[in-house]
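One structure below.
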Amino acid sequence: MKSLLPFATALALATAAHSADQTVGGLTFVHPHAAATRPAQLSDAGYLTIRNTGDQPDVLTGISAPFADAQLHVTKVDANGISTMAPVASLEVPAHGAVEMKPGGYHIMMMGLSRVLEPGTMVPLTLTFKNAGKVTVPFRIDGGAAGAMKMDMKAPSN
Ligand SMILES: [Cu+2]
């Protein structure tokens, strides 16, 4: 019943920090999470709120992950109710403000997933800011569709 992941050691550090929201400089990363994925699922979306308690705005300029091609996206709904999403080059986090990534708005798109994101695990995403630099944030993988879709996960070795 062991399913040790290739980067389990890298995750140990991240897992240790998951009980509290992470703060770096003036930025706090609140409830970073993503839905669990099914085998062969190639994309997923991640969400969090970034709070800035500092006196200067900061700008999110890039996102990376060791298990996917990650980028900032925004979902827009047009006048006909058709929703589309597109890459966004950067996102400002205002001084003494916050940006919230959530379904229907800004999100972190993870494409070309190289592994299954299993419920209850943590995965590291590295966010790059103009001022705060690179910050690796552990994202918690939620239950997702696991309840509706009963899967036998005995040997998920990828
Ligand atoms: Cu997207």
Subject >> In nm, spacing of pseudo-spin labels at residue 53 and residue 24 (7 Å Cα→C-beta vector) >> reply: 1.7 nm
Original post:
Between residue 128 and residue 77, what is the FRET efficiency for a Förster distance of 35 Å, r being their Cβ-Cβ separation, to the nearest 0.05?
Top reply: 0.80
**OP:** Report residue 53's accessible area, 1.4 Å probe, all protein chains in place, as a number in Å² to the nearest 10.
**Re:** 90 Å²
Subject >> Tensor-based shape of the range 53-95 (alpha-carbon gyration tensor, a/c under 1.5 rounded, otherwise prolate or oblate) >> reply: oblate
Original post:
Per the 1.4 Å probe, what fraction of the accessible area of the range 26-129, in percent, lies on carbon and sulfur atoms?
Top reply: 55 percent
Original post:
Using a simple spin-label model with points 7 Å from Cα along the Cα→Cβ vector, what separation in nm is obtained for residue 99 and residue 43?
Top reply: 1.9 nm
**OP:** Would you mind pulling out the separation of the Cα centroids of the range 32-62 and the range 71-126, in Å?
**Re:** 6 Å
Original post:
With all protein chains present and a 1.4 Å probe, how do 115, 51 order by accessible area, largest first?
Top reply: 51, 115
**OP:** Classify the range 26-129 as rounded, prolate or oblate, taking a ≥ b ≥ c as the square roots of the eigenvalues of its Cα gyration tensor: rounded when a/c is under 1.5, otherwise prolate if a/b is larger than b/c and oblate if not.
**Re:** oblate
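The values are calculated or read from the model by the stated rules, or taken from the named source; none is laboratory data. This one's a predicted model, so the numbers in the text were calculated from it and none came from an experiment. Neighbour counts run over all protein chains shown; Cβ positions are idealised from the backbone, glycine included. The area values use the complete protein model at the heavy-atom level, side chains included, leaving out ligands, DNA and RNA. Shrake-Rupley method; radii C 1.70, N 1.55, O 1.52, S 1.80 Å.
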